[in-house]
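*Asks:* Handing you this structure, nothing more for now.
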Amino acid sequence: TADLCAEAQAHLSLLMVAIAEPPPTGEYAVELAVEWHALRRKALAEIADKAERVTQLLGPYGLSFDVASLYEERGSLDDAIGLRAHYSDLVLLDRGLLATSAAVAPLVEGALFKSARPVLVVPAGFAPTVKPKTVIVAWDSGIESARAVQSALDLLCRAQDVRVVLVDPVAADGRNGGEPGADVATYLARHGLAVTVERIASGGLPVADVLRQHAMDVNADLLVMGAYGHSRLRERIFGGTTRALIDKAELPILMAH
């Protein structure tokens, strides 16, 4: 993250997040209150210590940065994350955080649904760049895909190879048109991009697996996609193609909802 911000000459606003235990209620609330306060003080001290250590680590980079901490109950964490993200251009999430089940819902809700900002999910050990060589745009003509493309436009303009990929596209008016992918390719070409449209048959495999394999085959540096295009109620547990890609992809994924 620090290297990416240095490359982009961007300000890094780092948020240290911890999920707070709700205060005790019920007939034993008074007895448990002392223990709850002690746990809260310990958690606040730990997150403050981590914030201080991160501040010291970032110092040598010569970056413009700030480090803040957030200790919120699970029920209000998404709103707090979303509000904080309002004052940024891009939200970066470490994929390792999303492997923690307790963190998935508030992080995804806050970052994707309540920030109005694109989200970049970075797998461990991968160094993202603002000058990717090969970018895959997962396109399905949905509004989420359109937002993702617009959000990634600066990165796409710096790429050497942009591939618009459609999995099992259906040519239909009001959706993909008579030539699926042609419209978005034309839009990107107007911005000076050299674009290739690739229509891939899934062969009955999950879309996430098809996109993941294709990204590996072309040695892509970045995947751009719309996130959670289906009903949020239907994907309340944050499953589907989006989550499958987040869990297993070995390259950065830029998403927008």
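The values are calculated or read from the model by the stated rules, or taken from the named source; none is laboratory data. Predicted, not measured: the structure shown is a model, and the values here were computed from it. Neighbour counts run over all protein chains shown; Cβ positions are idealised from the backbone, glycine included. Surface areas here come from the heavy atoms of the whole protein model, side chains and all, with no ligands, DNA or RNA. Shrake-Rupley method; radii C 1.70, N 1.55, O 1.52, S 1.80 Å.
*Asks:* If exposed means no more than 11 neighbouring beta carbons inside 10 Å and the site is in a DSSP loop, what's the longest run of the chain without any exposed trypsin sites (Lys or Arg not before Pro)?
*Replies:* So the longest stretch without any such site is 1-189.
*Asks:* If the only charges are +1 at each Lys and Arg Cβ and -1 at each Asp and Glu Cβ, what is the size of the charge dipole of the chain around the Cα centre, to the nearest 20 debye?
*Replies:* Dipole size: approximately 280 debye.
*Asks:* For region 115-205, run through the chymotrypsin sites (Phe, Trp or Tyr not before Pro) and keep only the ones in DSSP coil with at most 14 other Cβ atoms within 10 Å of their Cβ.
*Replies:* PHE126
*Asks:* Next up: Using the Kyte-Doolittle scale, find the helices of the chain whose mean hydropathy is at least 0.0 and whose Cα atoms extend 18 Å or more along the helix's long axis, counting only whole DSSP H runs.
*Replies:* 29-58
*Asks:* Moving on. Quick one: ranking THR129, THR242 by accessible area, 1.4 Å probe, largest first, what do you get? Don't skip to the answer; put the middle values down first.
*Replies:* Working: THR129 50, THR242 10 Å².
Correct descending sequence by accessible area is THR129, THR242.
*Asks:* Counting just the Cα atoms, what span does the chain cover along each of its three principal axes? Round to the nearest Å and put the largest first.
*Replies:* The Cα atoms of the chain stretch 68, 46, 28 Å along their principal axes.
*Asks:* Suppose every Lys and Arg Cβ carries +1 and every Asp and Glu Cβ carries -1, with no other charges. What dipole size does region 119-178 come out with about its Cα centre, to the nearest 20 debye?
*Replies:* On the way: 6 positive and 6 negative charges, 58 e Å.
In debye, rounded to 20, region 119-178 gives about 280.
*Asks:* Let me ask something additional. Can you figure out the FRET efficiency of LYS248 with GLN56, using R₀ = 35 Å and their beta-carbon distance, to the nearest 0.05?
*Replies:* 0.55
*Asks:* Taking the chain as a Gaussian network, where each spring joins two C-alpha atoms under 10 Å apart, which residue of GLU31, GLU46, GLU109 fluctuates the most?
*Replies:* Comparing GLU31, GLU46, GLU109 in the GNM, the peak value goes to GLU31.
*Asks:* Using just the Cα positions, wrap region 14-155 in a convex hull and report its mean projected area in square nanometres, one decimal place.
*Replies:* Directional mean of the projected Cα hull area for region 14-155 stands at 11.1 nm².
*Asks:* Say we join alpha carbon atoms closer than 10 Å with springs in a Gaussian network model of the chain; which of VAL119, VAL30, VAL197 then has the biggest fluctuation?
*Replies:* In the Gaussian network model the winner is VAL30.
*Asks:* Find out how many positive minus negative residues lie around ARG212, taking Lys and Arg as positive, Asp and Glu as negative, among other residues whose Cβ is under 11 Å from that of ARG212.
*Replies:* With Lys, Arg at +1 and Asp, Glu at -1, the net is -3.
*Asks:* Still on this structure, please answer the following. Going through region 1-74, which chymotrypsin sites (Phe, Trp or Tyr not before Pro) have at most 15 other Cβ atoms within 10 Å and a DSSP loop state?
*Replies:* Those satisfying the criteria are TYR28.
*Asks:* Under a 10 Å cutoff between Cα atoms, tell me which one of LEU245, LEU188, LEU39 has the largest fluctuation in the Gaussian network model of the chain.
*Replies:* Comparing LEU245, LEU188, LEU39 in the GNM, the peak value goes to LEU39.
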